[in-house]
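First comes the structure, then the notes that go with it.
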Amino acid sequence: MAMIIQNSFTVKTSGRGTTEITSRIEELVRKSGLRTGMCHVFLQHTSASLVLCENADPAVRSDLETFLGRLARDGDPIFRHDTEGDDDMPAHIRSILTGSSLNLPISNGDLALGTWQGVYLYEHRTSPHERTILITVFGE
Amino acid sequence: MAMIIQNSFTVKTSGRGTTEITSRIEELVRKSGLRTGMCHVFLQHTSASLVLCENADPAVRSDLETFLGRLARDGDPIFRHDTEGDDDMPAHIRSILTGSSLNLPISNGDLALGTWQGVYLYEHRTSPHERTILITVFGE
Amino acid sequence: MAMIIQNSFTVKTSGRGTTEITSRIEELVRKSGLRTGMCHVFLQHTSASLVLCENADPAVRSDLETFLGRLARDGDPIFRHDTEGDDDMPAHIRSILTGSSLNLPISNGDLALGTWQGVYLYEHRTSPHERTILITVFGE
């Protein structure tokens, strides 16, 4: 096991919703020259998340949004934490339920994703944010 | 850190529900000869998932199914994506909420699971599917 | 990639709720002497979990508790598994939804967490428990 390499990049989100980042991660994996290994994708925030989601029909991501919006409703009076608005606490809950890091295998020098798997940054705040993603690849 | 080894296997599911895969993973870990390390289990699909679940009482898995069936209801009219049926979108949601990869520590040449932890492939589609699981073990 | 080191520690919980464990993990990372790598945090239990959560306002964690308590309600008659009480099955569900392991990057000899990210052990049973956490750090 020869190498471990870290990189980071930022994504400017335009408010609540998903941004595909698969190709940005693939680019770093290919640059690393690793043939077999792991790629860890880590989001340094608590009100956005990283998800593996179906990448063919955009309705999947909009249905996911509809579902989460109903599950953790903005302005739900059960929430006390609303420092940054009524989407603040729902954003933390969505982040915890969907997760802020992903581990992706590297095979034959590339991400070993399934045909329909895309990697998405999921912004849970309603306003635009800049999000930092730290990538750690290791292997041989 | 001497080694990284990848393997894959497939599981034929019989429709919605869990299939224990702990022993199949343990077998690959033992074959690797690694004493201390990590075992990454990755599912290359977006409508099934991998969960660590209580392994003693089968009612735990059936209660989990009852819960998820109520949380993301098949045929819920809020969903637009139903290309493959009314269980299609709920399957994607269940997959994202429960996760499609697991990282398991290896200690003393074996998976370091707790007494009551089993690894399960969770099929979320109602019809049978063949699912591919990619295992990456690394360590020394 | 020179090293892989495992350690474990236990946390005595006082029943349902979160206990911050960030500094205990940081201490092990610093002791390891690794500069760049990964820190895997693994909980060997199925009725507690590990979460990355906002670390500034305690209301975030209490709102999260309120939310989960409503989502998977103790004593909900849909649950059959109640061997250890009416919080037993909800605890398994909360554990699966929020996850029992975390992968944290190590940069410059320390955990590369975002400013507002804390690592919490989340006890989902209402009574106190002793929970074992296995830490695997690797890198160079």
#### Entry: Net charge, residue C:54 excluded, C-beta distance under 11 Å - Lys, Arg +1, Asp, Glu -1
-3
#### Entry: residue C:39 - accessible surface, heavy atoms, 1.4 Å probe, Å² rounded to 10
0
### Message
Let me check something: with ligands and nucleic acids excluded, how do A:132, B:98 order by accessible area (1.4 Å probe), largest to smallest?
### Response
A:132, B:98
### Query
What quantity of accessible surface, computed with a 1.4 Å probe and excluding non-protein components, is buried in total between chains B and A, in Å² to the nearest 100?
2600
### Query
Taking accessible area as the heavy-atom solvent-accessible surface of the protein chains with a 1.4 Å probe, which residues of segment B:28-60 lose no less than 20 Å² upon going from the isolated chain to the full protein assembly?
B:36, B:38, B:40, B:42, B:44, B:46, B:52, B:54, B:57, B:59, B:60
### Query
Can you give the calculated 222 nm mean residue ellipticity of the protein assembly as shown, where each DSSP H run of n ≥ 4 adds -39,500 (n - 2.57) and the sum is split over every residue, rounded to the nearest 500 deg cm²/dmol?
-8000 deg cm²/dmol
### Query
Per residue of B:127-134, what is the mean number of Cβ atoms on other protein chains within 10 angstrom of that residue's Cβ?
1
## Note on the structure
Shape call for segment A:59-126, from the Cα gyration tensor axes a ≥ b ≥ c (a/c under 1.5 means rounded, otherwise prolate when a/b beats b/c, else oblate), comes out prolate
### Message
Treating the point 7 Å from Cα along Cα-beta-carbon as the label, what are the nm separations from residue A:130 to the other copies, to one decimal?
### Response
4.9, 4.9
### Query
Straight-line reach from residue C:12: which lysines have Cα under 27 Å away, leaving out those fewer than 8 places along the same chain?
C:31
### Query
So, with a 1.4 angstrom probe, what is the percent of accessible area on the protein assembly as shown that is carbon and sulfur?
45
### Summary
Here the net charge surrounding residue A:31, from other residues whose Cβ is less than 15 Å away from its Cβ (Lys, Arg +1; Asp, Glu -1), is 0
### Query
How large is the accessible surface per residue of chain A, computed with a 1.4 Å probe and reported in Å² as a whole number?
36
#### Entry: Loop-located trypsin sites (Lys or Arg not before Pro) in segment C:16-52, at most 14 other Cβ atoms within 10 Å (DSSP)
C:35
### Query
Which distances in nm, rounded to one decimal and ordered from shortest, link the label point of residue C:109 to the equivalent label points in the other identical copies, with labels set 7 Å from Cα toward Cβ?
3.7, 3.7
### Message
Could you put C:124, C:129 in order of accessible surface area, largest first, with the 1.4 Å probe and the full protein assembly present?
### Response
C:129, C:124
### Message
Using a 7 Å offset from Cα along the direction of the beta-carbon, what are the separations from residue B:14 to the same position in each other copy, nm, ascending?
### Response
4.9, 4.9
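The values are calculated or read from the model by the stated rules, or taken from the named source; none is laboratory data. Note that this is a predicted model, so its numbers are computed, not measured. Counting neighbours? That spans all protein chains shown, and the Cβs are built from the backbone with ideal geometry, glycine included. Just so you know, the surface numbers come from the protein's heavy atoms only, side chains and all, with ligands and any DNA or RNA stripped out. Shrake-Rupley method; radii C 1.70, N 1.55, O 1.52, S 1.80 Å.
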